[in-house]
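K.L.:
This is the structure, below, for whatever I ask next.
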Amino acid sequence: MKAIFLMVLIFITGCAGSRVSEMPVTKRASHPVDLIALSPSGGLLAEAVGIELSNLGYSIVDSSATTSLLVRLNLDEFELSTPQGLQQLHSKGIDAYLTVKASGAYDQQVQSASARATSTHTGEIIAGVTWQNGWGGQPGSIADRTMRKGVNEAAREIAEAISNALPRHKVD
């Protein structure tokens, strides 16, 4: 019995679940956020975050549609994040521009990620999140595989954290 307790204690203290940290925003967005454009270079995780934000009730302009919009506006991705580019997104009814960056790990899962939503109204960052995958013991061990999360779970946690920071229209 003592040996089992010791093994459980080692497992619990040697493991950690995923962590989400929200960036403190000094000034909450003064406008509701309903339509969010995804950065064209966000990759698989950005698309998954977009799906999860859609599940939370946001309208999403996916990365391929954002790329098409860039062509129509005669902008490149760098210009899109400038005040002039954000203003052009705002003129198309987009409330926020979301960038998501991720790094992979030995097991083809997301190791860490960051996401930030920039207001197209003001150009200010209105939500920011960092996410880190869990770990447990030796990489690849059963304990490690148990603690780690896949893309869908990571996207859900990131989307929920972003959503918590964004003001929405009030539904009557």
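Throughout, read-outs are computed from the coordinates displayed, never taken from laboratory work. Given the structure is predicted, the values throughout are model-derived calculations rather than measurements. Neighbour counts are summed over all protein chains in view; Cβ atoms, including those assigned to glycine, are modelled from backbone coordinates with ideal geometry.
K.L.:
Grab the Cα-Cα distance for Thr82 and Asp34, subtract it from 0.36 nm times how many residues apart they are, and report the gain in nm with one decimal.
P.N.:
In short, 15.2 nm is gained.
K.L.:
Turning to a different aspect of this structure: In what sequence, highest mean first, do 45-54, 31-40 appear when ranked by Cβ atoms within 10 angstrom?
P.N.:
45-54, 31-40
K.L.:
Here's another thing I want to ask about it. Using the per-residue mean of other Cβ atoms lying within 10 Å as a proxy for protection, in what order, highest first, do the peptides 64-73, 94-103 fall?
P.N.:
Ranked by mean Cβ neighbours within 10 Å, highest first: 94-103, 64-73.
K.L.:
If I model a spin label at Ser103 and Thr122 as a point 7 Å from the Cα along the Cα→Cβ vector, what separation in nanometres do I get?
P.N.:
Using points 7 Å along Cα→Cβ, the separation is 3.1 nm.
K.L.:
In addition: Treat each spin label as a single point 7 Å out from the Cα along the C-beta direction, and report the Leu56 to Ser68 distance in nm.
P.N.:
Each label point lies 7 Å from its Cα, and together they span 2.6 nm.
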